[in-house]
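The values are calculated or read from the model by the stated rules, or taken from the named source; none is laboratory data. As the structure is a prediction and not an experimental result, all values here were calculated from the model. Heads up, the Cβs are rebuilt from the backbone with ideal geometry, glycines too, and the neighbour counts pull from every protein chain shown. The protein model used for the area step is the full one, side chains on, heavy atoms only, and it has no ligands, DNA or RNA in it. Shrake-Rupley method; radii C 1.70, N 1.55, O 1.52, S 1.80 Å.
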Amino acid sequence: MRPIDLSKLRPFYMAAREGNITKAARKLNVTQPSLSELISDLEYNLKVQLFERLPRGVRLTPQGERLYLYARKVVEEHEAFEESFYEKEDNIRGELKIITYPFVGAEWLIPSLNKFIKNYPAVDIKIHLEPENINPAEADITLATYIPHQPHLIQKPLFSARTHLFASKDYLKRYGIPQTPEDLDNHRLITYRGNYYSTDRSINLLLHTGLKANEPLRKSKLEIDSLNGMMNAALQGYGIVELPNYQVVLNSGLEIVLPNIYGEDIMLYYIFLANRKNSKKLNKVYEYFLKSGIKL
């Protein structure tokens, strides 16, 4: 039996997680050649190939996948223990990485952090805004909709919202106020690429509401993959838009159109790895968000 060098598990884990040696080396603050050499040494000592080298990265072999499952457990448990070992109840410090959606980050997270930054000056915050394909393993905290089939995650509810149809006063004055869902046929529609809100991605309130089963969907006048962009387009009078009833939208000056037509509830969750359930830092941040009183 060949022993596994524990000092090489974290570099291997980072390379496997990133799927790219250069990116992993940057995060580990080492050079790409030194990380490549370390992984080659690990492969040599274990007498197995851990990665397939690809033109734009690396991919785990079956043996590499086995080692990755073990390395992830060892690395994440070590980091969780190290954090809790040095933490003090009222003296949380260090780096705090947060991943969330662009609109949530810009319109809710940034304003919500004001008092937190003053109360905990020893915490350095890094925020990454990701419109889709969020990976909670890449951050301390993820603020997102529920991620199903992930027992290794703790997902605590923060707040919920639902979508409504909105338009500017100028637009409604120029084109008229829809009185029935069928009236949307004669209006300019602003939509997100695909469908941002519903678990059923084929459904979009603006494009399908009021149509019979055999009727073709309405077409967008403007399609954009940014909630900020959609809201600004509606404020410019470009058309009717579907947006969540976040406070920033309700205070924007946009008018709700067809108020009896609305989307499903959208719950935003506070998500982190289950092996960090005893982290004072993560629990303090969650308590802070619940008490901040700032609603999207």
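Overview of values
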item: Test set (1) open to solvent by 70 Å² or more (accessible area, probe 1.4 Å); (2) in contact with a helix residue (DSSP H, G or I) (Cβ under 6 Å, 6 or more places away or on another chain) - LYS47 fails condition number; result: (2)
item: All positions within the range 255-284 that are more than 30 Å from PRO178 (Cβ to Cβ) and either small (Gly, Ala, Ser) or touching a Phe, Trp or Tyr at 6+ places or on another chain (Cβ under 7 Å) (or both); result: TYR269, TYR270, ALA274, SER279, LEU282
item: Output for the range 218-263, where each listed residue is in contact with a strand residue (DSSP E or B) (Cβ under 8 Å, 6 or more places away or on another chain), surrounded by fewer than 21 Cβ atoms within 10 Å (Cβ to Cβ) and in a helix (DSSP H, G or I); result: ALA233
item: GLY94, sole failed condition from (1) over 26 Å from ARG218 (Cα atoms); (2) open to solvent by less than 70 Å² (accessible area, probe 1.4 Å); (3) free of Cβ contacts under 8 Å to residues at least 40 places away in the same chain; result: (3)
item: Residue satisfying all of: in the range 275-288; at pLDDT 90 or above and open to solvent by less than 30 Å² (accessible area, probe 1.4 Å); farthest from ILE110 (Cα to Cα) among these; result: LEU282
item: The range 122-140, residues that are surrounded by fewer than 16 Cβ atoms within 10 Å (Cβ to Cβ) and touching a residue at least 40 places away in the same chain (Cβ under 8 Å); result: PRO131, ALA137, GLU138
item: Odd one out for SER292 among (1) at pLDDT 95 or above; (2) within 30 Å of ILE141 (Cα to Cα); result: (1)
item: Members of the range 50-69 found to be surrounded by fewer than 13 Cβ atoms within 10 Å (Cβ to Cβ), modelled with pLDDT under 90 and of a type outside the set (Lys, Arg), listed by number; result: LEU54, PRO55, LEU69
item: Strands (runs of 3 or more DSSP E) wholly inside the range 30-129 containing at least 3 residues that are farther than 20 Å from PHE272 by Cβ; result: 51-54, 57-60
item: Number of positions in the range 146-187 that are on the phi < 0 side of the Ramachandran plot, open to solvent by 20 Å² or more (accessible area, probe 1.4 Å) and in a loop (DSSP other than H, G, I, E, B); result: 10
item: Cross-chain or 6+ apart pairs with Cβ under 6 Å, the range 154-178 first and more than 22 Å from GLY229 (Cα to Cα), then of a type in the set (Val, Ile, Thr); result: GLN155/ILE271; PRO178/VAL257
